[in-house]
Amino acid sequence: MRRLIWLAVCLLIGATAFVGWQVSVPVQPSAAVEVEIPWGASSSMIGRVLAGQGVIDSALLFRAVARVSGKAERLQSGFYRFSEPSSLLEVLLRLHRGDVMAFQVTVPEGLRTDEILALLARETHAGLKDWQTALTALLEGQESEGVLLPETYSYHKPVQPSKLLAEMLAAQKQLIEGLKQVDMDESNLRAMASIIEKETSLDEERPLVSAVIHNRLERGMRLQMDPTVIYGLWREDGAFSGNLRRADLARDTPWNTYTRPGLPPTPIGNPGRASLLAAAHPADVDYLYFVANGMGGHVFASDFEQHSQNVRRWLVIERRTGGGRGE
């Protein structure tokens, strides 16, 4: 009898040692693998997924350890990357912590809100309707144009549109609050910054374009900024041909700053950090005009006579190379 007891004890010790070894020995995947753990998956299903990808050796042992450790019901869904040798216990702890892969998406400055939502849907492989619905719910009827801050954002899969959009809204709000601009409300600041964003891509020119806008507004001059015309055409027609004609400049829309005074009623895109800063802090200059210089930038003028000379020089360059307009 004693021999049987002793044999049982030895077998138990051996089995325990074997399980301990199986749990702690690292497993090297044949190649770096990305594994999706579906939401609501059981420990049995997760074990099969991991074993099928070569992350662990035994789905049955994974399930058993998960249950014994009390972690079976607290394994988190998401995308996990396994490239280094990991023991079964280490894999289990990763899933318990929710150590999921981080993905990034970059939103360029100046895009309209509908363009941003389309980009997010495309880059994250989530439905466009989901993004549109999430933004509508977050804004609760407020204007959606110009309220998102273009930056590079991190997210986890499966992406949560409301979470990422809330981060983009909060990032812009925090930036604007930090500007402490008392002479301009937020809607005007966004509208001005969105025009600056469309007028120049050069950081050193943004405060100068901002000064032109501020100076024109102070003198009661119409802004006469081409991007506002283009936005108005898109807003009313749903498209823009890409060729801005004189007839377009004369066509009255709420956003056309040739036909209407002041800033447009909404932003014409989503401005980046540099343009928002420039809108709040224009350069201390008396410029009222600017026109392209043919080298990717602009030349600025304080009076119409100087501006006319700059325009004539630009027209010569434009005839040679083709190019855009000035203001």
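The values are calculated or read from the model by the stated rules, or taken from the named source; none is laboratory data. For clarity, every value in this text was computed on a predicted model and none was experimentally measured. All Cβ positions, glycine included, derive from the backbone under ideal geometry; neighbour counts span all protein chains shown.
Name the residue, out of Asp252, Asp303, Asp286, that is surrounded by fewer than 18 Cβ atoms within 10 Å (Cβ to Cβ) and touching a residue at least 40 places away in the same chain (Cβ under 8 Å).
Unique residue meeting the criteria: Asp286.
To keep it simple, each residue is scored yes or no on (1) modelled with pLDDT of 90 or more; (2) over 30 Å from Met168 (Cα atoms); (3) in contact with a Pro (Cβ under 8 Å, 6 or more places away or on another chain).
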position: Leu12; (1), (2), (3): no, yes, no
position: Trp21; (1), (2), (3): no, yes, no
position: Val35; (1), (2), (3): yes, no, no
position: Ser44; (1), (2), (3): yes, yes, no
position: Ser69; (1), (2), (3): no, yes, no
position: Ser87; (1), (2), (3): no, yes, yes
position: Pro108; (1), (2), (3): yes, no, yes
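Identify the single condition in (1) of a type in the set (D, E, K, R); (2) assigned to a helix (DSSP H, G or I); (3) surrounded by fewer than 20 Cβ atoms within 10 Å (Cβ to Cβ) that Glu197 does not satisfy, given that it satisfies every other one.
(3)
Would you be able to say whether some residue in segment 225-237 is assigned to a loop (DSSP other than H, G, I, E, B) and under 23 Å from Phe290 (Cβ atoms)?
The answer is yes; a qualifying residue exists.
Here is a list: Glu205, Glu177, Glu186. Which entry is at pLDDT below 95, under 19 Å from Glu109 (Cα atoms) and out of contact with any Pro (no Cβ under 6 Å at 6 or more places or on another chain)?
Glu186
Return the residues of segment 145-176 that are part of a helix (DSSP H, G or I), in contact with a helix residue (DSSP H, G or I) (Cβ under 9 Å, 6 or more places away or on another chain) and of a type outside the set (A, V, I, L, M, F, W, C); say none if nothing qualifies.
Pro161, Ser162, Lys163, Gln172, Lys173
Looking at this structure, is Arg222 under 26 Å from the mean Cα position of the chain (by Cα) and modelled with pLDDT of 95 or more?
no
Quick check on this structure: which one of Glu197, Glu109, Glu123, Glu145 is touching a residue at least 40 places away in the same chain (Cβ under 8 Å), of a type in the set (Asp, Glu) and farther than 20 Å from Pro254 by Cβ?
Just a single option satisfies the conditions, and that option is Glu109.
For segment 131-158, give me each residue that is under 28 Å from Pro38 (Cβ atoms), among the aliphatic types (A, V, I, L, M) and surrounded by fewer than 19 Cβ atoms within 10 Å (Cβ to Cβ).
Ala137, Leu138 - these are the residues of segment 131-158 that are under 28 Å from Pro38 (Cβ atoms), among the aliphatic types (A, V, I, L, M) and surrounded by fewer than 19 Cβ atoms within 10 Å (Cβ to Cβ).
When the residues of segment 177-194 are narrowed to those that are among the polar types (S, T, N, Q) and in a helix (DSSP H, G or I), which ends up surrounded by the most Cβ atoms within 10 Å (Cβ to Cβ)?
Ser194
Given the criterion surrounded by fewer than 20 Cβ atoms within 10 Å (Cβ to Cβ), in contact with a Lys or Arg (Cβ under 9 Å, 6 or more places away or on another chain) and modelled with pLDDT under 95, identify the matching residue among Leu93, Leu128, Leu61.
Sole residue among the options that is surrounded by fewer than 20 Cβ atoms within 10 Å (Cβ to Cβ), in contact with a Lys or Arg (Cβ under 9 Å, 6 or more places away or on another chain) and modelled with pLDDT under 95: Leu93.
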